[in-house]
Each structure stands twice: as structure tokens, then as C-alpha cells.
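A short reminder: the numbers here are calculations on the coordinates, not readings from a lab. The shown structure was predicted, so the numbers you read here are calculated from the model rather than taken from an experiment. Methodologically, a virtual Cβ is constructed for each residue, glycine included, from the backbone with ideal geometry; neighbour enumeration extends over all protein chains shown.
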Amino acid sequence: MLLQLNNIFKWVNSGGQRIFLLKDINLQVEEGEFISIMGPSGSGKSTLLNVIGMLDGFDEGEYNFLDESVHNLKEKLRSNLYKEYIGFVFQSYHLLDELTVQENLEMPLLYKKVKGAERKAMVADMLDRFNIVGKKDLFPAQLSGGQQQLVGVARALIANPKLILADEPTGNLNSQQSEEIMELFKQLNTEGVTIIQVTHSEKNAAYGSRIVNLLDGRMI
Amino acid sequence: MFKNYLKIAFRNLFKRKGHSFLNIGGLSIGMATTILIGMWVYDELSYNKDFENYNEIAQVMQTQTFNGEIKTESNQPMQLAPVLRNDYGDYFKHVVTSTFTFDMLLTAVENKISYSGFFSEPGVTEMLSLKMLQGTRDGLQDPSSILLSKTAALSLFGTVDAVGETIKVGSASNLLVSGVYEDLPENNSFSNLKFIAPWEFLKKNQDYENRVGWGNNWFQTFVQIQDGVNMSVASAAIKNSKLENLDAESGMAKQKPVIQLHPMAKWHLYSRFENGINTGGTIDRVWLLGIIGVIILLLACINFMNLNTAQSVKRAKEVGIRKTIGSVKYQLIFQFMIESFVVVCIAFTVSLVLVILAQSTFNEVTNKSLSIPWSSYNFWIVSVLFIAITSLISGSYPSFYLSSFKPIKVLKGTFNRKEGVVPLRKVLVVFQFAISTTLIIGTITIYRQMNYVQNRPLGYNKEGMLYVPITTKDILERFETVREEILRSQDIANVAASDVLVTGTFTTNSGFDWKGKDPDFAEEFNTLRATHDFGEMINWEIKEGRGFSREYKSDSLAFVLNETAVAYMGLKNPIGEYVQWGDSGKFKVIGVVKDMVTRSPYSAVKPTIFTLHYGRFLNFINIKVKPNRSPKEALSHIEGIFKKYNPERTFSYTFLDEEYQQYFTGEARMGKLISFFAILAILISCLGIFGLSAFIAEQRFKEIGIRKVLGASVYSIWKLLSKDFLLLVMISCIIAIPVGYYYMNEWIQDFNYRATLSWWIFAAAVFGSLLTTFLTISVQSIKAAIAKPVKSLRTE
Ligand SMILES: Nc1ncnc2c1ncn2[C@@H]1O[C@H](COP(=O)(O)OP(=O)(O)OP(=O)(O)O)[C@@H](O)[C@H]1O
Ligand SMILES: [Mg+2]
């Protein structure tokens, strides 16, 4: 078992009223799963993904990640855990504009304090694998959306995470580009990486092994 | 990682050129100012420190009480040094009497040049640790010898190898050069000492032994304390060294002379005495400028903080991404600190260039010769510290602020720029403009006061007046002939000799007695001795009686008093009263003149006595050129006459107007400096709001577009973008007015003759601040307001 959410609640207080963003979420994810989270806009998909990714906290419930109780962890340890095991892919790519493709890929390794030679090798490997060697010195603004997302996925993957979290990774892409990314996810999944993606598309959801449906912050 | 940070820092710099330009520009101007002020402060603090005996040398001061007014001065009678030597010898290693430093004509065989120097006792060479290039420090032991500085020796003999040569000092006899010393460095009290002649020689030559007593405070006395002696103990011990030697009933004893030591370490910055106690001096200025330096740097750092936190929306996304790919907060803090460090380093380099460019002007204004001490080890240490501190001040807040962003918030786009930082940014802008406005108030007040004093009615007319110093007896002996010859020219209105100039009647005298004088009244008068035509020449205004006249032989024993003197003496009907002046005789008061400003125009008029004199006290020949006549022709006429009667001396003259202007150089210097800093402060602050307003206009680009599509006018958009800033600046002004009033009121109290702090000074400063703000912001807001709305909407 990779992670487990037990009775997770998340809310915000607004004007004396408590608004629930997540209600009683129970979710168990095994290693090697490929999960798609679906639901209407505003149903809490991104919120859930951020909670799983430890970018956001929650107000009630338990969250265990690889035998660690995330809800009890200190900020520092949580960020170590996160750095070690999780990679994020965003709808709007979120590459660092001032850095080239190569440097963007290198960044997570720098934060993980990977040594120079090893780092270079890993970056070269990734560029190779994603077929973007020719683009390595370009800046994000010089790439198409699909290429940028490719770099985004590569960057999420480079530190060998166990879990990839993708929030509408194909939301800004055309159907052909979407398909490429999905194929890539599928291949990664067969290689053993656990993937949780948020998507609006039935077609994309079909790549996964399981679908979680959300409505008003509740799993249905 | 470090390399990566540097890379990002540089890429960001190049990517946002405008922003970087404002950032580096503002910061480097601030740093350059601080460096200049730092060099100035260092120079002031290191004054006299070159002397080996810096901590042991002191000047002997004398405090006297004149009719309740306590004055402390360095003037001493020549009798004091022997007393200190004989009765208090245990305290001192050296005690020397010296004359004041003055200009003398030195004549070698072929060359003659006027140099400043003094006559002093032999111990002075050891005391000042003179570096002898030729001869020894014993060179003054022989009363017919003289020591020359390297400069003097070089220009008189073309070589430092001058020992054994003879030179004439003034018109006196030949002195043998017994040594040549290295010129004293510029930054000290004796830097203009180009020759040192023996005191014994002067004493004999001038017959001082028989002429001057305890009452003639004509000289200075320096001491070097004995090893292990405490300066203040020695100072307290010699307290009564003069009084003990006076007849208790004499007028001098009534002036209660108190002797004390003024340590060399305090000569320059702590030269003020109040009620006989050493209180302060120009150290106030050092503090003032030092504080201004720090404040200007702070203003520049504030710009940096404001511009960088204003960039937060742009940087927020980067922070969010970095956090999601594994960055921890401290790494981000570190990254932003490095960025500010890079900017500060660049700004520092630019500031050094600015300092080099501004150096000569700054030196001119401050009358110093400062330059960057490239080869000094300490300079580089201080520079590194300076860079580190500036980076810390300017970088820390943006770093902590930016690195604290929550990634999901910024990535989701719900990041709210109104949170937290805006109030602080506003506070900082208010602070900047409060400082700038206060400096403007200061500048206007200083200039107004100077202007006011400069226009003070003097009570006499110095127009067309010039003076030639009398340097030899020859001219004096033939004064009448010289006068007649000068008057032969159509251009000359009048000629008279005097002991002091009408612009500075610094001679004071006591020992007067008159009917009705309180026996305990220890009086002190300014005196001016002159020849007959002096009064008429300066156009004094006679209130009662008459001026000096050649018709009355008895006028050689007559006084003309000013109004203040009449009041001071308590005379009801002054004309015809008699005044006894020591042994000089009984003088009849023949006239009273209206008060004239014959000393510092900043202070009140002193009681002054005018008397006729044709003897050895005369120091200046005053000449009045007729109005509408060319002074040039008059001067060549005068020069010819002086050449004829005094061929040895180079002819030199000074217009009284120039002489008078010297009262203003100090204040003018301060005024220039303060206005210079005020302009810089305003400039830096404006750079800041320029950047901020540019940024805000950019941020609201889309909003402005929408508003315009909805029909907003250019004016309403200008108002939308400008009103916040104008409001902030108004708040600054409200703070600056009382602060400025408080400080300028303190400052102006130092002047007896002073302008009022009118309301318009404050109004003008406020107006100036608002106007500059208005113009600065309008550039940005109008640019935003007239941009095509389609363009702004499309960029999203
Ligand atoms: N800080 C917050 N304060 C108040 N409400 C919030 C906050 N964050 C999220 N919400 C609300 O929580 C709900 C879930 O948001 P979330 O972003 O998870 O939706 P989503 O399912 O990802 O929608 P979409 O498909 O449009 O991306 C929304 O209704 C949103 O308005
Ligand atoms: Mg979403």
C-alpha cells in the first residue's frame, strides 16, 4: 500500500459559515495503480490532489503515506517525504521561465542535492527518453504547449518518484498532444510508477485502472 | 546550486532591464553618497591623528570673565609657559610658547616667497615629532637659526639640502637654516607650517621682555604631558597658574583667569567652550552628515525592498513551482538573498564610478582632498562589510516575504496581492518622502538664513573698499606721503590706515575707567585704531558730537563710541565725558556713531571704541575707489606706489567685499551639502515611486483596459493610479513639517541675527514634494491611461 486517506475533512470558514471542500474522503492507493479523479468543476478534485501531494493541509482525518502519518509530521520531514516520492504535473505546465529545458529538468535534482556528474547523466537520460535533446537549450516560451508539458512530465519524473500527481495535464493541449501524454503515462505506469490524475475527459480516464468520482467534496 | 542561483539572478536582471536599472541606479546613487560621506567622516575623525604624541599634546586655554560674559580662548601671555615649566614641571615633558601662525616673507639670495609659519620654542620639534630630512630636531636651540619645511626649502633653494644657508625673515636680520623637515600632512592643525623660527629671536627682536606683560594675551602655549600623567589631572592642577601671579587688586585678576588644557584629540571637533567648559563643536556636523549618509542609504534600500516586493506577483509563480519541485523555504531565502547580493555588488561597482566622478565637486564643496583609498586594506574590509550590510537590509525583507508564499495559492491564481505587504510598502514610501521633505525644509531654511544675514544692513559702506596689508615699517614711516600719492589718482576717493578691518574688529581691550563705573565691572571693548579719514571713508553715521578731525590737535586723545558702547558704559551724556585707558591716557568722548556690524554678521554688535592712531599698531591701508571708476586702473596706480616704497614685497590686496564673504563660506558649504543631499534623497525617492507606479500600472493593465472599454476617461484613470501616491506623500509632508520645524528651529537659535521660520518655507517644501511626486507618477499613469484598450486585453 502506497497511501491511505481515512475520513479526511477539509473546510474553510467564510462569514461565520463553514464551507466543506472535502467531506469524509476514504481512499486507499496501492503501488502501481493508475487512478483518475473525475467530477464537475468545483467538486474538489484539485483540492484532493493537493492534499495527497502534501501541498495543502486538511482539518480532520488521517493520512498515511508509506507507513508515515503525514498529519503528524513536521513541515521539514513532510517536505523530505514529498521531495523523495512525489512528482507534480500541472495543467499550465509551470516551468521556470528563466531556465532552459535542461536547467528546468536539473532543478529538482539540485534540490535533492544530487551530485554533479550523476545529475548530468540523469538529465541527459531524461532528454533522451523524451526525445527532446534538440530542445535542451531552449526556454519554455520557445516551446509549444505539448512540448512544454512533455518537459513538465520529464521534470516530475526525473527524481524517480513513486507517485506522479497530475492535475488536468492535458487541459491545455490538443487531442493529439493529449494522446501522447496519456500514452506516456500508461507506459510509466507499466514501469511501476503510481499515477493519480485529475481529468474531465472520459477518454483520458480510460487509460487508468480506477476512477474516483467526486461531487461537492464527497466521493461517490 | 550556487551557480544556478547566480545564473537566475543575472537572467532576471537582463530580462527586466527597466526594473534592474531603477534598482541598481537608485542603490548605487545611495551607496555613492554614503561612501562620500563615509570618507568625509573618516577624514574628520582622523584629523591630527598623524602625530605620534596625539594623546599627549594639548593647547593651554584661558577662560576670562568680562562683565559676566565668560570667554575661553587660546591666547596666552608669554609669561605663562615659564610658570608652567618651573612650578608645574612634573606634569609636562614640553611646554612651549608660540606665536600664532602667520605669513612672513622669506628671502633667500635670489628668491623671496611668502610662507606661513610661527616662532616657537625648541621643544616644539620633539612635540610634533618632525621628520627631519636635514639637520636635527635640536635645530631651534640656537636663536639665530630657522627650520624650513621641504616645500619652503625647495622653492627657496631648489633643494632640500639647505642647511647652512641664510635667509631673511620679514625685514629682520638673517637666520641660519639649521634643518629641513618633511611637510606636515594636510589633515592636521599644523599643515600650513612651512617654517619654524626661534621664539627667543622674536622676543629679543621685538623687545617683548620690556613691552609685554601678563595682560598681553598675544601668544599660544602648547604642552606635551609627561608619560603616565593624566591629562585632566594636569589640567586641573594648572587652573590658577595665571591668577597666582597677578596682583589681586588688578583689573586682570578681576577677570578671573582660569587656565586649562585642551587635548589635541579635541581641537578639531570639540572646539567650543561654554562657560569655560569644553562642550562640543563641529562634531555636531559629523553626526549630522553621518546620519544623513545612513538615511540616504536606507532610502535606497527601501527602494530596493519596495521594487522587489512589488514584483512579488511575478515572482510568486516561480516560488510556487520551486516549492512543488522540492525547494525548502530556506533555499528560496538563500536564492533571493543571492539575487540582492548580486544587485548590491553591481550597484557598489557603479557607485565607485560615481564617487570618482563626483569626487572633485565634493572636494570643492567640502574644501577637502578626499579620494578612494584603493590601496588601503581597511577600505576593502569596510567595503565588504558595507556590501554585506546593504544586501542584508535590502534583501532580507523581500526574501522572507517572497519565500513565504503558499504554492497552491499562487499556482491556483488565487494569490492576492493586497495581502500583508501593501501597508508596509506604504509606510516605507511615507518614510522616504518624510525624509526628503524634511531635507528640503532644511535646505530652504539654511539658504534663507544666509540670504537674510547677507542682506543685513551693516551701518557702513564698504563699496569699492580694498585693503593692502602693511608688512614692513617702511610704509608706515612714510604713511602720509604714500597716502597723498595714492590720492593723486582721480579714481581714489579716500585712504586711511587701521589696525583691524572694519569687517572684523577682533581686537579687544580692557583696563578702561570712567565716571560712574562700577568698580567690579570687568569690561571688555572692541577697539579700532585708525587714521583720521577712516570714519568718513566707511561712511559711518554720526549720531551725536563729531568724528575725528585734523583741526583739533587734542583728537589724539579722543574716543568715538558706538551706541552699544554708550549703553554698556551707562553714559547719559557721553559727549565730553573722559575715559581713562590704562597708562595710555585720558580720552575725551567726542562722538557717538550708529552701531555698525563690524564682526560676524550672525552675532550682536559689541561695544566698540574708535580711536586715532598713527603708530606701530596699524596693519592695513584701506583704500576706497570712487564709485563708477574702474578698479583696475586704480589698482595699477596703487601698485606702482607700493612698488616704489616697498620694492621687496609682492603687492597684494583684497576687496573688503571678499573679506566679508568669508563669514559665509562655512554656512554656504553646509547649505550646498544639505541641498545636494536633499536633491539626492528626492531623486532616490522618486526613482522608487517611479518604479512602483510603473509596476502598479502594469499590474492593473487589464483592469485599465476593461475600464476604458466601459468608457473611463484618461483623467479618471490617471486619478485612479495617482491618488494613492499623492495621498502617501501628503501624509509624509504632515510628518515632515513638525520634524523640520523642530530641527531648523534648533539650528537657527545658534545665530543671534536670524530670520524667522516662516510658514512659506514649509509650504514651498510641501509643494515641491507634491509636484515632483505628481510629475513622476503621471508619467506612468498617463502612459497607462492613453494605451489602446485592445492591446491590454489581448495580452491576457
Ligand atoms: N481557499 C478557499 N476558500 C474558499 N473556497 C475554496 C478555497 N479553495 C477552494 N475553494 C472552493 O473549493 C471548491 C473545490 O475547488 P477545486 O479547485 O478543488 O475544484 P476542482 O474540482 O478542481 O474544479 P475544476 O475542475 O474547475 O478545476 C470550489 O468550489 C472552490 O471555490
Ligand atoms: Mg481543478
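As an exercise, use a Förster radius of 30 Å and the Cβ-Cβ distance of residue B:753 and residue B:544 to find the FRET efficiency, rounded to the nearest 0.05.
E between residue B:753 and residue B:544, to the nearest 0.05, is 0.75.
With all projection directions averaged, the alpha carbon convex hull of segment B:717-757 covers 3.5 nm². Measuring spread by the Cα atoms of the protein assembly as shown yields a radius of gyration and Dmax of 42.1, 132 Å.
Dividing the convex hull volume of the alpha carbon atoms of segment B:640-686 by its residue count gives 106 Å³ per residue.
The charge dipole of segment B:472-648, taken about the Cα centre with unit charges on the Cβ atoms of Lys, Arg (+1) and Asp, Glu (-1), comes to about 320 debye, rounded to the nearest 20. The value given for segment B:98-209 is a Kirkwood hydrodynamic radius of 13.6 Å, derived from the mean inverse Cα-Cα separation.
Take the Cα atoms of segment A:53-147, build their convex hull, and give its volume per residue in Å³. Spell out each step's value before the answer.
On the way: hull volume 12.6 nm³, N = 95.
Roughly 133 Å³ of hull volume per residue.
Over all projection directions, the Cα-based convex hull of chain B averages an area of 43.4 nm². Note that segment A:4-122, at 10 °C in a medium of 1.306 mPa s, gets a Stokes-Einstein diffusion coefficient of 95 µm²/s from its Kirkwood radius over C-alpha pairs. What the Cα atoms of segment B:472-648 give is an Rg and a Dmax of 17.3, 55 Å. Within segment B:171-294, the percentage of alpha carbon pairs spaced more than 17 angstrom apart rounds to 75%.
Averaging the Cα positions of each part gives two centres, and for segment B:609-687 and segment B:478-548 these lie 20 Å apart. Each 10 Å bin from zero holds the following percent of Cα-Cα pairs in segment B:496-593: 14, 51, 32, 3. Can you say what percent of the DSSP beta bridges in segment B:57-267, counting only those with both residues inside, are antiparallel? Round to 5. Here the share of antiparallel DSSP bridges comes out near 80 percent. Compute the angle between helix B:714-748 and the longest alpha-carbon principal axis of chain B, please, reported from 0 to 90 degrees and rounded to the nearest 10. Helix B:714-748 sits roughly 30 degrees off the main axis of chain B.
With the Cα gyration tensor of segment B:8-70 giving a ≥ b ≥ c as the square roots of its eigenvalues, does the rule (a/c under 1.5 for rounded; else a/b larger than b/c for prolate; else oblate) give rounded, prolate or oblate? Verdict is oblate for segment B:8-70. Rounded to the nearest 10 degrees, the angle from helix B:631-645 to the longest Cα principal axis of chain B is 40 degrees. Kirkwood hydrodynamic radius of segment B:232-350, from the reciprocal of the average inverse Cα-Cα distance over all distinct pairs: 20.6 Å. Considering all different alpha carbon pairs of segment A:9-75, the Kirkwood hydrodynamic radius works out to 13.3 Å. Counting every alpha-carbon pair across segment A:147-220, the share separated by more than 18 Å comes to 38%. Over all Cα atoms in segment B:478-526, the spread is summed up by Rg and Dmax: 18.1, 53 Å. Each 5 Å bin, from zero up to the one with the longest distance, holds this percent of the alpha carbon pairs of segment B:57-267: 1, 7, 15, 19, 18, 15, 11, 8, 4, 2, 1, 0. Against chain B, whose longest principal axis is taken from its Cα atoms, helix B:656-699 shows a tilt of about 0°. Rounded to the nearest 0.05, the FRET efficiency derived from the C-beta distance between residue B:723 and residue B:67 at R0 = 56 Å is 0.35. Taken along its three principal axes, the alpha carbon spread of segment B:290-413 comes to 61, 26, 22 Å, from the longest extent down to the shortest.
Evaluate chain A: find the radius of gyration of its Cα atoms, find its Kirkwood radius, and give the ratio Rg to Rh. That ratio equals 0.97.
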